[in-house]
Structures are given as C-alpha cells and as structure tokens.
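Worksheet: one structure, shown below.
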Amino acid sequence: MHGGHGSGVFWVKATLAALGGGTIASGGMMVLGGVIFLPAIAVAGYFAYNKIKSAHEKAMAQKEKARRFERESTAYFEELDRSVRFLREMNYGLRTAAEFFQRVATLSLVAP
C-alpha cells in the first residue's frame, strides 16, 4: 500500500464493482445492477414504443386527411376547369350571335 490509500488494483475493482462492472467475488453489484437496470430499460422501452406508436397513428391519420383533401381538391379543380370551358363556349356563342345580329342590323339599314 502506498501512503495508506490501498493498491491501484483494489481501487479499480472497487470502482468497477460500484459501477456494476465487477464480479460478485470482487464485491461487484452486477446482479443487483442487472436486476434494477434491465427492468428500467424494459419499462423505458415500453413507454418509448407506445409514444412512437401513438405518433405513427397520428401521422397516418394526417396522411389520410391529406389524401382526402387532395382528392377533394382535384375534383374541385376539375369542376372549375369544366366551368371555365363552358363559359368560354358561352362567350364564343354570344360573340358569334352578336356579330350575326350586327350584320343583320347593318343589312336592314342598307336594304331598301
């Protein structure tokens, strides 16, 4: 022993034992550490799994809402396109009719 502090090997073994890394023969707490640590890991894993599962379910619900919105929006814009085409056809028809009536009016003014 050096200056009453004990040997280095003793302190390494004592440190490992305190951290749960030593053997039972060297006073380790491996078994006790495992008894406490493994269930704690299992419980933490269980809660993490449930949290991840909940987040996944919420994400899937949002994904379905987005897909439904996309379908509804697509249908809306298709209807809007049909309406624009109809209005263009109506505009063309009304312009053609206006031109026809303008020629008729011009001819009736010229004719005796």
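The values are calculated or read from the model by the stated rules, or taken from the named source; none is laboratory data. Predicted model only: the values in this text are computed from it and were never measured. Glycine also receives a Cβ, built like all others from the backbone with ideal geometry; neighbour counts cover every protein chain displayed.
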| request: Would you check if there is a residue in segment 76-98 being assigned to a helix (DSSP H, G or I), among the charged types (D, E, K, R), over 51 Å from the mean Cα position of the chain (by Cα) and on the phi < 0 side of the Ramachandran plot? | output: yes
| query | Looking at this structure, is Gly3 modelled with pLDDT under 90, small (Gly, Ala, Ser) and either out of contact with any helix residue (DSSP H, G or I) (no Cβ under 8 Å at 6 or more places or on another chain) or surrounded by 10 or more Cβ atoms within 10 Å (Cβ to Cβ) (or both)? | reply | yes
